[in-house]
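Inspection log for the structure reproduced underneath, given as structure tokens.
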Amino acid sequence: MTRRTLLLTGASRGIGHATVRRFNSEGWRVITCSRHPFPKECPWGGGREDHVELDLSDPSETINAVGAIQEKLDGRLDALVNNAGVSPKGPDGERLNTLDTDLMTWGKVFHVNFFASVVLARGLRDELAAAKGSVVNVTSIAGSRVHPFAGAAYSTSKAALAALTREMAHDFGPLGVRVNAIAPGEVETAILSPGTDKIVAKLPLKRLGQPEEVAAAIYFLCSQDSSYISGAEIEVNGAQHV
Ligand SMILES: NC(=O)c1ccc[n+]([C@@H]2O[C@H](COP(=O)([O-])OP(=O)(O)OC[C@H]3O[C@@H](n4cnc5c(N)ncnc54)[C@H](O)[C@@H]3O)[C@@H](O)[C@H]2O)c1
């Protein structure tokens with residue numbers, strides 16, 4: 001059987017890092033896309049040839065990277081996980097509302113959180129179709145409610161990504177490609193704002209989520225166990241519904 005291949009953005013830490021390790025342990029080849037150079041000692045045992053250094057906040061760089069990614073594939077891609085994300089904060093880690101976020105920041109957030117997913121999925125459509133693969137977009141619960149820390153640019157970019165997921169599921173469906181989203185709640189990674197721990201008391205499960213718990217849901221959506229799920233956004237949120 002051909003070894004399955006995943007392309008993952010934002011692999012250096014947090015949910016992305018846990019996702020690399022999960023797919024790797026299931027025997028997948030993982031190609032990582034990250035702002036950072038390939039690490040001297042790769043924690044998941046990958047090779048330099050399976051890494052693309054790419055700043056997703058630069059739209060031209062992202063568009064140009066598609067060719068380099070295609071060269072690493074054997075004409076097929078089993079899964080694309082658009083995980084990279086940025087969440088701008090004020091100087092004390094506070095949420096930035098619509099007016100406090102400068103226009104350059106609005107652009108950067110939308111390039112990383114939204115536009116990069118469009119570029120990669122469109123650019124790699126033929127390879128995804130050849131494998132009847134899956135796309136998973138990592139959204140956020142902040143895309144569907146006002147969140148105390150997330151802020152306007154982040155939340156609207158994630159809402160746009162959720163809408164893109166539905167649209168893309170419709171358009172890619174005839175190719176046999178499924179497209180879904182995972183919306184994490186409060187997960188213990190660097191993206192969390194200082195003070196998020198105060199939310200924990202209000203969470204029904206009384207704890208933050210772990211990156212591995214999100215990676216498990218991403219893996220499910222890329223596996224045959226979810227073969228009739230497409231266009232869905234699944235929250236991994238510890239029952240946080242407000
Ligand atoms: N942790 C949470 O509570 C939470 C909640 C909801 C959604 N999310 C989403 O989960 C995803 C992963 O976030 P995380 O929690 O692991 O946070 P994180 O900050 O640890 O990881 C974000 C990743 O995105 C990468 N990235 C950021 N800007 C980039 C750029 N310009 N070019 C390339 N890569 C870039 C980073 O290098 C990093 O690997 C993000 O999309 C985030 O919005 C996280």
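Here are the numbers for this structure:
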quantity: Failed item, numbered, when Arg145 is tested on (1) touching a residue at least 40 places away in the same chain (Cβ under 8 Å); (2) buried (at least 18 other Cβ atoms within 10 Å of the Cβ); calculated: (2)
quantity: Condition check for Ile191: surrounded by fewer than 18 Cβ atoms within 10 Å (Cβ to Cβ) and within 13 Å of the ligand (Cβ to nearest atom); calculated: no
quantity: Contacts under 6 angstrom Cβ, first residue in the stretch 195-206 being assigned to a helix (DSSP H, G or I), partner of a type in the set (D, E, K, R) and at pLDDT 85 or above, 6 or more apart; calculated: Ile199/Glu186
quantity: Output for the stretch 78-118, where each listed residue is assigned to a loop (DSSP other than H, G, I, E, B), of a type in the set (A, V, I, L, M, F, W, C) and more than 12 Å from the ligand (Cβ to nearest atom); calculated: Leu96, Leu99
quantity: Count - residues of the stretch 80-119 that are at pLDDT 95 or above and either at positive phi or in contact with a strand residue (DSSP E or B) (Cβ under 7 Å, 6 or more places away or on another chain) (or both); calculated: 8
quantity: Subset of the stretch 32-51 [over 21 Å from Phe110 (Cα atoms) and within 14 Å of the ligand (Cβ to nearest atom)]; calculated: Pro37, Phe38, Pro39, Pro43, Trp44, His51
quantity: Members of the stretch 52-69 found to be assigned to a helix (DSSP H, G or I), near the ligand (Cβ under 10 Å from one of its atoms) and without any contact (Cβ under 8 Å) to a residue 40 or more places away in the chain, listed by number; calculated: Glu61
quantity: Extreme residue, nearest to Leu8 (Cα to Cα), among residues of the stretch 119-172 that are touching a Lys or Arg at 6+ places or on another chain (Cβ under 6 Å) and assigned to a helix (DSSP H, G or I); calculated: Glu127
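The values are calculated or read from the model by the stated rules, or taken from the named source; none is laboratory data. Because the structure is predicted, anything quoted here is derived from the model rather than measured. Because the Cβ atoms are built from the backbone with ideal geometry, glycine has one as well, and the counts that use them run over all protein chains shown.
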